[in-house]
Amino acid sequence: MKKICSTSKALVKLKNMISICIATLLLLGFQLSAQTTVKKENTRITSAAYLQNLIKERTGSNLVITGEHTSSISGIRHTYVRQAINGMEVCGTESSISVSNKGVIIAAHVNFVDGIENTVKSTSASISAEQAIERVAQQMGYNISNLDLVEDLGGINQQAIYNKAGISGTEIPVKLMYYYREGLGTILVWELSVQETDTPDWWNFRVDATTGLIIDKDNWTINCSTEGYHDHDGNKELEFVNRRNSKTYSVNTAANATNTMVGSYRVFAFPLESPYYGSRTLEANPDDATASPYGWHDTNGAVGAEFTYTRGNNVDAYDDGNNSNSGTVAAHADGGGSLIFDFPLDLVVGGFPAYTASLQSEDAAVTNLFYWSNIIHDAMYHYGFDEAAGNFQENNYGNGGAGSDSVNAEAQDSADLAPTSFNRCNANFGTPADGGNPRMQMYICDNSGNSNHNDGDFDHLVIVHEYAHGISNRLTGGPGNANALNNAEQMGEGWSDFYGYMLTMTPSNFSSDRTTGTFLFEQGAGGPGIRNAPYSTNMVTNPYTYADVADTGNISSPHGIGFIWATMLYDLTQALIIEYGFDADLYNGSGGNNIALQLVTEGLKLQPTSPGFVDGRDAILAADLALFGGVNECLIWTAFANRGLGFSASQGSSNSRTDGVEAFDLPSATLALSRTSICATEGIVSGITGGRLFGGVYSGPHVTDDGNGMTFSFDASSAGIGDHTITYTDPCQTPATAAMAIITVTDGIPVVVCQDVTITLDGGGNAMIVEGDVIANLPPSDGSSGYTVDQTGTFAVEPITGTTVSLPDDNGTAALPIGFGFDFFGTNYTNFYIASNGFVSFTGNGMSTSVSWTPTTLPSSGIPNGMVAVVWDDLSPNISGTIRYETIGTAPNRKLVVNYEAVPLFGTTETVTSQMQLHEGTNVIEIHTTLAENDGGVRTQGIENAAGNDGYTTPGRNLASWTASNDYVAFIPIPGSLPDNCGNPVTVSFSQSMFTCADIGDNIITVTVDDGNDGVATCDAVVTVVGPTTTYTGTWDNGIPNAGNQAIFNASYNTSAGDIVACSCEVGAGATVTVDADGFLDITGNITVNGSLVVEHQGMVVQTNDNATVTNNGTINVDLTTPNLASRDFMILGSPMTAETRGSVWGSAFLVLDHHTLNFVPHPDVTDQFPGAENFADDNNDFWQAYSGPINVGEGYLVRPQAGYGQPGGVFNYTYDDGTLNTGDVNRTMIYNTPGPTAADNKNASPNVLSNPYPSSIFADDFINANTMVDEVYFWEH
């Protein structure tokens, strides 16, 4: 028996476990936070092809796209997704795929769960969104007040936005989703975020939608304090004055702004790292026209500033000394209508700006922060961090992305408040998903203890570092995922330091060792910084390698881990600068520093969520391949290997920092040649590739390395026919390693091998051959080249009795014999398995348990694999219905037929009746569905290979809700084709490809293959054409004949019972076929008469093929009845038979004349009496002469049937019976006399008398059209 412990049987199905249901109910009252453990972990789906196909289809409810854009620098299409259950996204299944503009998969990270529906613990929420927020407040100790709904966005996720409710600095978004955790299954959760008001923390919570318990939380704010705040004066109280409350500012509208003046800013300008390295300057119009086309103070996309203070499309910068996060107008620096932001420093100590409680330099600090935040925005726009990629802008100007998410940059944050561990000597950046405003908080720091604080708003490396947290968070996992960098071995701090030193790199410091946070921490120029060591390529100065990530005692997390990653990126940058030089043009330069920024930024898009060091390295390698064709591969490997992240390094789990294994080795060279076969006739072939790593050297006899590290040329003509070894020397290893491969030089003649074939005419009497019929050396049509899905065929169920299979619920048979070899996706199988749940397997896996009753999309890496999903659903043949199979037919045209007959769906009365047919030889799979009812669930119909990485489905039936009746679908192997010859595609032609019943028998055809470059080969094949027969023995044994049949008469037949249309005709001995008046035999091909054929007067025998024959082994009679003739009437007659004579057929006629055209001269009396008329009267009566010989085919004879002149006329009957019927083309020589100057005169003076030579009427128009010399014909009537 079966019980369902769920409201939806499609989600949970327990077998033979009613006691568990009861036990669960009893325990519910005591369950607080425990989650039921999934006993058997579901398999992760990792197939890139699977995800690519799923994204292409964009149908069904098993996927949600969380982000998608095309990189502006690489052209790669990055798509970020989550698995979905009935349209609702599942957190924990984040996946991505990156595809080039040529359709090549550059990177894929597939993290779907096979059969995820079976892991679901609950399908409905017990608490509301509002209650979820209240439960979070209770558990976090927040004092919530006046919680109100601001906007109900609805949808399947029940998205909503609530007000701040006294607990959040921003409105609170909330939505419903599934959450999958390995070993624990899938539950419904409410996801919501709260930006705490008394700390920098910005928490993203996942709350159990049943219990209200916080499952886990991620902090969107990343703090960069390593030392904390230290008050060196003991208990000294600092006086903090909120000077903003006493200062009045004017606000100018856009109408007062000067449109031609974008803005001027007195700042420590880009690329200075801090005030230690230069003085302030007034920077006029520093905005970039590409990244900020309307300037830095625009938000509406029209000329003219919307704000005269430090707010605009990219950044909203303001003083937040009281930590109000309010950003009031008064908190901004105001540049007036001319947008001139030129403010003094209130305090300068030792030549550098300083901060005290009374001398804060707010306007100068806010201006500096606003300027640098915009610089970062504009610079990174050129490296692909643009609107579509999820950058920070209020108005995206129609360029994709969500918008409404400029950076809230808070200067001197909490400076007016008492110091704490997080509001001094710190900085942070909080990044929500695309569409939510990130927040950057910059703090002051008295690290020296002299009461003069340094202001982080002037430490530009720190500003870039913070902003870069937003870059790495938005680009990793896509802009819609703000939680992609929360794993233990994540490198977020490293990327931030990387962008920090890159955007403050100058012509004077680009090769120098670099440190971080020197100004904020008052260390002076060149100070030691706040990391474990300076960034340096010197292994003595910075000896840290990948193994140090596991050193929990000395390497902090996340800053220390990030420091090691940034060290590797620094080494990489220096190597690129050595190779390509340094370019001070950050926006449009081409130096090694620019290349490093491109590689790292594109790499962020290519890596998976929760990446580790190896993931990050591989993403940079993939970026190099996409952006630069892999030219820097060796350099990149060398830089990483030097720090222990070599080829054999293993990161283990990215959720652990202690299981990585370092290695210093480089990958060995490999060689997979782009050309392995070349014709001697091609001569020198250039541009051959295949060597990796990039930059090696090709060598060998007849090889010329092209010197570009990528290609070589090969002289095939000098090499000669045979195999030749190519060597590729690795550019990275010392000593160098080498890889070798073979190029085969051929004679240039394509190879074609013919085979004989027998083909059968169709119902229309036609048949056609294709390449696979007559070419033996084609790749087989075994499914290895794929399949086409055809729904145009005819629904036709094969009746079988066969073997009945009795199966328990959710089970399958043992191996059963197919009865012949069947090729499926290129593998030959002789056995098959039948599953109770509507699929037939070639592998026998996945026949039972939940994987059997739970259909998935195809292809799917999880079992079952290697299958034909006939109607894959949860079926119950143990309740009713029948499953049977049988192999029918004879070799080589047998079929395996498997029937599901009226098998019910589990727990319902709906049934499935469907038949699968496997065809021997062609390897075609057909599914004929009589009826497939549905109870509203999803099901699948299609085929999948044994690896689960390739499959084909019926459109609209790939894990979808569907029904069918009288339905046909076939999966037809795509035939192989001859390979290219000498680099040229080979075309195939036949001397004959179409056949009719006239071709019944053996036909020799010539197959020609041509590569278009003088490479031509031929072979001959025998095509034996057969047609189905139908025999008359009083009734037809195979139906009434048609143009595709051979009609055989073994009993007498009269066409009064029905005219005959057939491919060919045979009259058996002892049988008489009578063609009655106005009846006909319409035969395309040959006629054989072994009995009797009688063609009555005005009956017709027609053969449409000119080469058809009539073989008379019996008797053929063609009857002719004349009109009622008068005493002196005569007729023009001929014969439809081949061997008649004047005496044999017209022996009773007293006069038979034949004509002599050369004797004809028009009678002048007739011409005079009837001018302009056609004159058939001869001048001396020598045109017609008595005749007594054989009747010439097609010639007309003048016959007087009467007994003599003056004898009575009447009706006369003649029977033609000598020889056989005339058929095919009949040729008669036309004679022209020459009495006149024109051809027309000649024709008119040259009567040629013809007769119809066939046992049927002919069309005069057809006769004229077939003979260009004939303009007109005359019918003799007497």
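For the stretch 486-667, compute Rg over Rh where Rg is the Cα radius of gyration and Rh is the Kirkwood radius from the inverse mean 1/r over Cα pairs.
That ratio is 0.94, to two decimals.
So if each residue of separation counts as 0.36 nm, and I subtract the Cα-Cα distance between V1273 and D216, what length gain in nm does that give?
Gain on stretching V1273 to D216: 370.5 nm.
How far apart, in nm, are two points set 7 Å out from the Cα along the Cα-to-Cβ line at A814 and at T725?
Label at A814, label at T725, 5.3 nm between them.
Taking the Cα centroid of the stretch 275-332 and of the stretch 83-152, what is the distance between the two, rounded to the nearest whole Å?
Value for the Cα centre distance between the two parts: 35 Å.
Once you have the Cα-Cα distance between F1150 and S126, take 0.36 nm times their residue separation minus that, and quote the gain in nm to one decimal.
Result: 357.1 nm gained on full extension.
Can you work out the FRET efficiency for the pair A663 and E579, with r the C-beta to C-beta distance and R0 = 22 Å, to the nearest 0.05?
Efficiency computed from Cβ-Cβ geometry: 0.40.
Find the centroid of the Cα atoms in the stretch 593-635 and in the stretch 178-222, then give the distance between the two in whole Å.
Between the Cα centres of the stretch 593-635 and the stretch 178-222 lies a distance of 31 Å.
Which shape class applies to the stretch 806-903: rounded if a/c is under 1.5, otherwise prolate when a/b exceeds b/c and oblate if not, where a ≥ b ≥ c are the square roots of the Cα gyration tensor eigenvalues?
In terms of gyration-tensor shape, oblate.
Please work out whether the stretch 903-1036 counts as rounded, prolate or oblate from its C-alpha gyration tensor, where a ≥ b ≥ c are the square roots of the eigenvalues and a/c under 1.5 means rounded, while otherwise a/b larger than b/c means prolate and anything else oblate?
Because a/c hits 1.5 or more and a/b fails to exceed b/c, the stretch 903-1036 counts as oblate.
Enumerate the calculated ³J(HN,Hα) couplings along the stretch 883-892 in order (Karplus 6.51 cos²θ - 1.76 cosθ + 1.60, θ = phi - 60°), each rounded to whole Hz, writing x wherever the residue is Gly or Pro.
Coupling constants for the stretch 883-892: 10, 9, 8, 6, 9, 10, x, 10, 4, x Hz.
Obtain the radius of gyration and the Kirkwood radius of the stretch 331-424 from its C-alpha atoms and give Rg over Rh.
Ratio value, two decimals: 1.06.
Note the angle between two axes, namely the Cα long axis of helix 613-628 and the longest principal axis of the Cα atoms of the chain, as a number of degrees from 0 to 90, rounded to the nearest 10.
60
By how many degrees, 0 to 90 and rounded to 10, does the Cα axis of helix 18-27 deviate from the longest principal axis of the chain?
On a 0 to 90 degree scale, this one is about 20.
How high is the relative contact order of the stretch 349-408? Use alpha-carbon pairs under 8 Å, at least six apart in sequence, and give a whole percent.
Over the stretch 349-408, the number comes to 18 percent.
Using a cut-off of under 16 Å, list every residue of the stretch 1133-1175 whose amide N is near the label point 7 Å from the Cα of N1242 along the Cα-to-beta-carbon line.
Output list for this probe position: 1157-1160.
Count charges around N1086 for me, please; just the other residues with Cβ under 11 Å from its Cβ, Lys/Arg as +1, Asp/Glu as -1.
Spelling it out: positives minus negatives among the neighbours equals -2.
Which one, [x] 9, 24, 19, 15, 14, 9, 7, 3, 1, 0; [y] 9, 25, 25, 18, 12, 8, 3, 0; [z] 6, 12, 12, 11, 12, 16, 19, 11, 1, gives P(r) over Cα pairs in 20 Å bins from 0, in percent as derived from the coordinates shown?
[y]
Let me have the relative contact order for the stretch 682-736, percent, based on Cα pairs under 8 Å that are six or more residues apart.
Normalised by residue count, the contact order of the stretch 682-736 is 41 percent.
Where the centre of each part is set by its Cα atoms, how far does the stretch 509-528 sit from the stretch 1224-1271, in angstrom?
Computed from Cα coordinates, the inter-centre distance equals 109 Å.
Per DSSP H run of at least 4 residues, take -39500 (n - 2.57); add these up for the chain, divide by its residues and hand me the 222 nm value, nearest 500 deg cm²/dmol.
Roughly -4000 deg cm²/dmol at 222 nm, from the helical runs in the chain.
Which of the chymotrypsin sites (Phe, Trp or Tyr not before Pro) found in the stretch 1098-1158 are in a DSSP loop and have at most 13 neighbouring Cβ atoms, other than their own, within 10 Å?
F1150
Count the net charge of all other residues whose Cβ sits under 9 Å from the Cβ of R206, scoring Lys and Arg as +1 and Asp and Glu as -1.
Net charge in that neighbourhood comes out at -3.
How far apart, in nanometres, would the label points at T1018 and A902 be if each is projected 7 angstrom from Cα along the Cα-to-Cβ direction?
6.2
Taking the simple approach of a point 7 Å from Cα along Cα-to-Cβ for both S648 and D756, what is their distance in nm?
6.1
How high is the relative contact order of the stretch 1122-1278, given as a whole-number percent (alpha carbon pairs under 8 Å, six or more residues apart)?
36
So, by mean Cβ neighbours within 10 angstrom, what's the order for 1189-1202, 843-856 with the highest one leading?
Averaged packing, sorted descending, gives the order 843-856, 1189-1202.
Mind checking the angle between helix 48-57 and the chain's longest principal axis? C-alpha axes, 0 to 90 degrees, to the nearest 10.
Tilt relative to the chain: about 70 degrees.
Once the principal axes of the Cα atoms of the stretch 557-622 are found, what is the range along each, listed largest first in whole angstroms?
Over the stretch 557-622, Cα extents along the principal axes are 33, 23, 18 Å.
Once a ≥ b ≥ c are taken as the square roots of the eigenvalues of the Cα gyration tensor of the stretch 1028-1117, is the result rounded (a/c under 1.5), prolate (a/b larger than b/c) or oblate (a/b not larger than b/c)?
Rounded.
Coordinate-derived values only; no laboratory data. Note that the structure is predicted; figures quoted are calculated from it, not measured. Ideal geometry is used to build each Cβ from the backbone, glycine not excepted, and the neighbour counts take in all protein chains shown.
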